[in-house]
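The values are calculated or read from the model by the stated rules, or taken from the named source; none is laboratory data. Fair warning: this is a prediction, and the values are worked out from it, not measured in the lab. Methodologically, a virtual Cβ is constructed for each residue, glycine included, from the backbone with ideal geometry; neighbour enumeration extends over all protein chains shown.
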Amino acid sequence: MKIGIVCYPTFGGSGVVATELGLELSKRGHEIHFITYNQPVRLELIGNNVHYHEVNVPEYPLFHYQPYELALSSKLVDMVKLHKIEILHVHYAIPHAYAAYMAKKMLIEEDIYVPIVTTLHGTDITLVGSHPFYKPAVTFSINKSDAVTAVSASLRKDTLRLFDIKNKISVVPNFIDLEKHNNEGITDCQRGLMANDDEKIITHISNLRPVKRVQDVVSIFYNIQKEMPAKLMFIGEGPEKESVEQQCAKLGISSKVIFFGRSNEIDKILCFSDLFLLPSETESFGLAALEAMASGVPVISSNAGGIPEVNIHGVSGYLSNVGDVEDMSKNAIHILNNETRLETFKANARKEALKFDLHEIVPQYEKIYEETLAKCLVL
Ligand code: GMT
């Protein structure tokens, strides 16, 4: 199949999932066209079957806001015609599903029919999409998609609760490349550079936005390091970083906290991590938790949204109510202060991650493409 993928090209989970999906589909023989405003960060390999088409939005003094949706729709029309793209898969509803629908309508004028698969990722529904400013357009574009998927059962439920949806929503969970996250394959796991042998390494990866409750990460770590030698690794950049740095300074733990910034090599950081913290306010899935688990790192998380579908309480880690820092700290110390228990949780985390093997999940998307194309042919 010739598949057009529209996504955010940044470090966010939806862009990561879209990129990994495209790369795996290309390995399975499909021709993939990424259409977005920058080369996706995880798209390092552009080959015969993988193409990248940049959407440009020229500046014009009249525009207070640059019309990205318009430029994206036009680019989609051009690329569908030029490369004979058969299906468009858009990740994150805003504004991608809307722009794709406009492209589809323009193409129909030229007797070209290109169906749209929309994958809902999280904040396009729970935080941003349900805002009254966007809600009518998001509802419309979900209902006008030829197929809709959500990355967790929880997100599907939220979408049906928050919007007036006439379409079927299939749950296709996020996935992981288990070979890439296999610690045995990492020869340069440099634990010794980060911490002493007796120190436990606690990790958090996110875009450090308020929804991630990164202050809770620091509070939990503060409680852990009172009980045992430990280091905290932050991976990612975002608006809460300064507040976190100040909190660490105030608590007198700055020397125990390392900020890595954005990284494309999180498997190399996870390979030496003992515990992962994800105390988010909302989280449709928690791809970062799955990446940690695949690297054999247990997870202490909130029980928000779709996290319980990934992190299994008492098996791969523990779940607590959002904001219950004391419970999260207690659970973290419980896992970390007994080596045998820690090893059991590490093995369990890896085992639970196997359920999200990309070789199992990617065919689910292929099936949706095939069914959607077949359905559109008879229309
Ligand atoms: O809202 C975000 O955190 C960004 C968004 C994205 O575009 O990366 O993340 C969402 O999609 C990820 C991939 O499906 C999920 O793993 C995250 O849980 C989800 N984030 C939230 O729901 C907060």
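Evaluate the range 312-319: report whether one residue or more is within 15 Å of the ligand (Cβ to nearest atom) and either in a loop (DSSP other than H, G, I, E, B) or at pLDDT below 95 (or both). No, the range 312-319 contains no residue that is within 15 Å of the ligand (Cβ to nearest atom) and either in a loop (DSSP other than H, G, I, E, B) or at pLDDT below 95 (or both). Can Lys2 be described as surrounded by fewer than 18 Cβ atoms within 10 Å (Cβ to Cβ), away from the ligand (no atom under 16 Å from the Cβ) and modelled with pLDDT of 95 or more? For Lys2, the condition - surrounded by fewer than 18 Cβ atoms within 10 Å (Cβ to Cβ), away from the ligand (no atom under 16 Å from the Cβ) and modelled with pLDDT of 95 or more - is met.
Taking the stated definitions as given, is Val172 under 18 Å from Gly22 (Cα atoms) and either surrounded by fewer than 24 Cβ atoms within 10 Å (Cβ to Cβ) or of a type in the set (Phe, Trp, Tyr) (or both)? Spell out how you get there, then give the answer.
Details: under 18 Å from Gly22 (Cα atoms): yes; either surrounded by fewer than 24 Cβ atoms within 10 Å (Cβ to Cβ) or of a type in the set (Phe, Trp, Tyr) (or both): yes.
Yes; evaluated as a whole, the condition is true for this residue.
Within the range 348-369, residues that are under 13 Å from Thr149 (Cβ atoms) sit with their Cβ atoms under 7 Å from residues that are part of a helix (DSSP H, G or I), at 6+ positions apart or across chains, in these pairs: Val362/Leu21; Val362/Glu24; Val362/Leu25; Tyr365/Leu21. The set of residues in the range 332-351 that are surrounded by 14 or more Cβ atoms within 10 Å (Cβ to Cβ) and within 25 Å of the chain's Cα centre (by Cα) comprises Ala332, Phe345, Lys346, Asn348, Ala349, Arg350, Lys351. Kindly check whether there is at least one residue in the range 352-362 that is among the small types (Gly, Ala, Ser) and either within 30 Å of Lys27 (Cα to Cα) or within 20 Å of the chain's Cα centre (by Cα) (or both). Yes, the conditions are met somewhere in the range 352-362.
Cβ separations smaller than 7 Å between residues 6+ apart or across chains give the following pairs from the range 117-134 residues that are at positive phi to residues that are within 13 Å of the ligand (Cβ to nearest atom) and not in a loop (DSSP other than H, G, I, E, B): Gly122/Leu155.
What are the residues in the range 105-132 that are outside any strand (DSSP E or B) and either within 14 Å of the ligand (Cβ to nearest atom) or within 21 Å of the chain's Cα centre (by Cα) (or both), if any? Don't jump to the end; show me each part of the working.
Let us first name the residues in the range 105-132 that are outside any strand (DSSP E or B), namely 105-115, 121-132.
Listed by number, the residues that qualify are His121, Gly122, Thr123, Asp124, Ile125, Thr126, Leu127, Val128, Gly129, Ser130, His131.
Do we have Gly252 as small (Gly, Ala, Ser) and more than 16 Å from the ligand (Cβ to nearest atom) here? In short, yes.
Right, Lys135: closer than 18 Å to Arg156 by Cβ, assigned by TED's automatic domain parsing to the domain that holds Pro9, among the basic types (Lys, Arg) and away from the ligand (no atom under 16 Å from the Cβ) or not? Quick ask: steps written out before the conclusion?
Details: closer than 18 Å to Arg156 by Cβ: yes; assigned by TED's automatic domain parsing to the domain that holds Pro9: yes; among the basic types (Lys, Arg): yes; away from the ligand (no atom under 16 Å from the Cβ): yes.
Yes; evaluated as a whole, the condition is true for this residue.
As a summary of the residue check, Glu184 satisfies the conditions (1) exposed (fewer than 15 other Cβ atoms within 10 Å of the Cβ); (2) assigned to a helix (DSSP H, G or I); (3) modelled with pLDDT of 95 or more except for the one numbered (3). Filtering the range 210-233 to residues that are within 16 Å of the ligand (Cβ to nearest atom) and either of a type in the set (A, V, I, L, M, F, W, C) or at pLDDT below 95 (or both) leaves Val211, Val214, Val217. Among the residues making up the range 300-318, a single one is touching a residue at least 60 places away in the same chain (Cβ under 8 Å) and at positive phi: Gly305.
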